[in-house]
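These notes are about the structure you will find just below.
The values are calculated or read from the model by the stated rules, or taken from the named source; none is laboratory data. Note that this is a predicted model, so its numbers are computed, not measured. FYI the Cβ positions are ideal-geometry reconstructions off the backbone, even for glycines, and counts take in every protein chain you see. Keep in mind that these areas ignore ligands, DNA and RNA; they rest on the heavy atoms of the full protein, side chains included. Shrake-Rupley method; radii C 1.70, N 1.55, O 1.52, S 1.80 Å.
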Amino acid sequence: MRQLFLAATAIGLLAAGPAAAAPCKNAKTGKFIKCPTTAPVKVTRCKAANGKFAKCGTPGAKPI
């Protein structure tokens, strides 16, 4: 009983190893690849006619 439990645990750990290391797969080749990092969202800032920062919804504000 104990050997069966140890064998099942070892097989489970071996099977979960590669999936946890690289969860991204290339669609064409089917090989595991490094996951692409997403670029941070760029914040749009606006300036008013007088040169000060303003909310982008205010009249006269232009994105920089």
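Some observations on this one:
- Screening the candidates F5, F53 for the property of being touching a Lys or Arg at 6+ places or on another chain (Cβ under 9 Å) and either aromatic (F, W, Y) or at pLDDT below 65 (or both) yields one hit, F53.
- Filtered residues of the range 28-45 (kept if over 19 Å from C56 (Cβ atoms) and open to solvent by 100 Å² or more (accessible area, probe 1.4 Å)): K28, K31, F32, K34, P36, T37, T38
- Within the range 32-50, residues that are at pLDDT 90 or above sit with their Cβ atoms under 7 Å from residues that are open to solvent by less than 100 Å² (accessible area, probe 1.4 Å) and among the β-branched types (V, I, T), at 6+ positions apart or across chains, in these pairs: A48/T58.
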